[in-house]
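To keep things clear, I will list the structure first and then write my remarks on it.
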Amino acid sequence: MTMRSTMTFFRTLRHLALLAAAALLAACSAAPPAPTPVVAQLAPGGTLRAAINYGNPILATRDAATGEPRGVSVDLARELARRLGVPFEPVIYTAAGKVVEGIKAGAWDVGFFAIDPVRAADTDFSAAYVVIEGAYLVPQDSPIRRNEEVDRAGVRVVVGRGSAYDLYLTRNLKQAKLLRVPTSPEVTNTMVAERIEVAAGVKQQLQADQKRVPGLRLLDGRFMAINQAMAVPKGRAAGAAYVAAFVEEMKASGFVADALRRHGVEGAVVAEAARQ
C-alpha cells in the first residue's frame with residue numbers, strides 16, 4: 001500500500017467514525033421529552049441531582065484540567081437531564097457507601113452504584129448498564145494463589161466501607177475477617193501499611209495500584225461480577241420506570257459503549273439487555 005493510499009484509508013476511517021458519532025448524537029437528540037409526572041419525580045426541585053462517585057474510577061473521575069466530573073455515569077446523567085429538560089447538578093461522593101447514605105438525607109435524585117439486595121430496601125434499580133469485576137490483591141510473597149484460598153482463618157481482607165464488594169464479602173466470607181476503610185482508593189495503601197493479607201476491590205483500581213506500589217500481585221480471575229446500575233429512591237415509581245427504559249436504550253444505541261471508549265475505560269463491559 002502506498003503512502004497516499006494509506007492516508008486515504010485512514011481519512012476514510014475517520015470520516016466513518018465521525019458519521020457514526022453524528023448518527024448516535026442525532027438518535028439521542030430525537031428522543032421525545034419525558035412526561036411531566038416523570039420530570040416531577042426525577043427532578044422535584046427543577047434540577048436533576050445525580051450522585052457521582054469518585055470512589056469508582058470506572059464510573060467517574062475528576063478531570064485533571066477542568067476539575068469537572070467526567071465518566072460514563074456523568075455522560076448518562078447529562079443525557080437524562082437533557083431529556084427531562086432540566087439542568088444537571090452533580091452531587092459528588094468519594095465512596096459508594098456515602099452515596100447510599102445520601103438517600104436518607106434526600107441529597108440526590110438518581111444514583112449510580114452496584115445492584116445489591118441490601119441497597120434495594122431504599123432504592124429501585126434499573127438493570128445493569130456495565131459489568132465490572134471484583135478482584136483480590138496480595139503481597140508478592142503471599143501463599144495465597146487462588147480466589148478460593150482467601151476465605152481462611154487468620155486471613156484479613158481490607159475493603160472500602162459500604163462498597164459492593166464489602167456487602168458481597170460480608171455475606172459470603174465465613175472464616176476470613178473483613179477490615180473496612182472509609183473509601184475504596186485507601187484499600188491498597190492500608191493493606192501495605194498495616195501488613196494486611198488481602199485487599200479487595202474493583203479490578204481496574206487494583207491493577208493500577210499494582211503498577212503504583214511494588215511487591216504486589218493480583219490474583220487471577222475474579223471473586224464477583226459487579227453489576228453497575230442507575231438507582232432512584234423508593235417511592236418514585238414513574239421515575240424508576242423511565243430510568244429503567246432509558247438505561248436499556250442507552251445500551252442498545254451504543255451510547256454506553258461509546259462512553260467507555262471515549263473515557264478510556266478498561267475492565268468493564270456493556271451489560272446485556274434486560275430480560276423482559
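Quick one: which residue in ARG180, ARG212 is surrounded by fewer than 20 Cβ atoms within 10 Å (Cβ to Cβ) and under 24 Å from PRO117 (Cα atoms)?
Working: ARG212 fails: under 24 Å from PRO117 (Cα atoms).
When all the criteria are applied, what remains is ARG180.
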Self-check item: strands (runs of 3 or more DSSP E) enclosed by segment 114-204 - at least 1 residues per element that are of a type in the set (D, E, K, R) and over 29 Å from VAL247 (Cα atoms)
Solution: 156-160, 177-181
Self-check item: Unmet requirement for ILE92, which otherwise passes all of (1) among the hydrophobic types (A, V, I, L, M, F, W, C); (2) in contact with a Pro (Cβ under 9 Å, 6 or more places away or on another chain); (3) not in a strand (DSSP E or B)
Solution: (3)
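Could you tell me whether MET7 is modelled with pLDDT under 85, over 16 Å from ARG236 (Cβ atoms) and part of a loop (DSSP other than H, G, I, E, B)? Give the steps one after another, and end with the answer.
On the way: modelled with pLDDT under 85: yes; over 16 Å from ARG236 (Cβ atoms): yes; part of a loop (DSSP other than H, G, I, E, B): no.
Here the answer is no, as MET7 does not meet what is asked.
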Quiz item: Considering VAL265, VAL232, VAL243, VAL202, which residue is within 15 Å of the chain's Cα centre (by Cα), of a type in the set (Val, Ile, Thr) and assigned by TED's automatic domain parsing to the domain that holds ALA60?
Solution: VAL265
Self-check item: In segment 222-235, the residues that are among the small types (Gly, Ala, Ser), surrounded by fewer than 17 Cβ atoms within 10 Å (Cβ to Cβ) and under 16 Å from ALA268 (Cβ atoms)
Solution: ALA225
Quiz item: For the subset of segment 142-153 comprising residues that are loosely packed, with under 15 Cβ neighbours inside 10 Å and touching a residue at least 40 places away in the same chain (Cβ under 8 Å), which member is nearest to PHE113 (Cα to Cα)?
Solution: ARG146
Quiz prompt | Filter pass, VAL91 being out of contact with any Asp or Glu (no Cβ under 8 Å at 6 or more places or on another chain), not basic (Lys, Arg) and not assigned by TED's automatic domain parsing to the domain that holds ALA208 | solution = yes
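Go over the candidates VAL159, VAL155 one by one and state the one that is under 18 Å from LEU218 (Cα atoms), at pLDDT 95 or above, under 25 Å from the mean Cα position of the chain (by Cα) and of a type in the set (A, V, I, L, M).
Details: VAL155 fails: under 25 Å from the mean Cα position of the chain (by Cα).
Within the list VAL159, VAL155, the selection yields VAL159.
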Quiz prompt | Unique residue being closer than 24 Å to ARG145 by Cβ and of a type outside the set (Gly, Ala, Ser) when the list is LEU178, LEU167 | solution = LEU178
Quiz item: GLY264: within 29 Å of GLY106 (Cα to Cα), assigned to a loop (DSSP other than H, G, I, E, B) and free of Cβ contacts under 8 Å to residues at least 40 places away in the same chain, yes or no?
Solution: no
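Let's see how each residue does on (1) modelled with pLDDT under 95; (2) buried (at least 20 other Cβ atoms within 10 Å of the Cβ):
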site: ARG11; (1), (2): yes, no
site: ALA21; (1), (2): yes, no
site: LEU25; (1), (2): yes, no
site: PRO44; (1), (2): no, no
site: THR47; (1), (2): no, no
site: ALA50; (1), (2): no, yes
site: GLY71; (1), (2): no, yes
site: ARG78; (1), (2): no, no
site: ALA81; (1), (2): no, yes
Quiz item: Restricting attention to segment 40-53, which residues are touching a strand residue (DSSP E or B) at 6+ places or on another chain (Cβ under 6 Å) and of a type outside the set (A, V, I, L, M)?
Solution: THR47, ARG49, ASN53
Self-check item: Top-ranked residue of segment 54-81 - restricted to ones that are assigned to a helix (DSSP H, G or I) and touching a strand residue (DSSP E or B) at 6+ places or on another chain (Cβ under 8 Å), ranked as farthest from GLN205 (Cα to Cα)
Solution: ALA81
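Yes or no, residue by residue, for (1) of a type in the set (Lys, Arg); (2) at pLDDT 95 or above; (3) in a loop (DSSP other than H, G, I, E, B):
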| residue | (1), (2), (3) |
| --- | --- |
| ARG222 | yes, no, yes |
| ALA238 | no, yes, no |
| VAL243 | no, yes, no |
| LYS251 | yes, yes, no |
| ALA257 | no, yes, no |
| ALA274 | no, no, yes |
Exercise. Any residue in segment 176-195 that's under 23 Å from TYR93 (Cα atoms) and in contact (Cβ under 8 Å) with a residue 60 or more places away in the chain: show its pairings with residues that are of a type in the set (Ser, Thr, Tyr) and surrounded by 20 or more Cβ atoms within 10 Å (Cβ to Cβ) at Cβ separation under 6 Å, as long as the two are six or more apart or on different chains.
Key: SER184/SER163
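The values are calculated or read from the model by the stated rules, or taken from the named source; none is laboratory data. Everything numeric here is computed off the predicted structure, so don't read it as measured data. Positions of Cβ are backbone-derived with ideal geometry, glycine not excepted, and every protein chain shown enters the neighbour counts.
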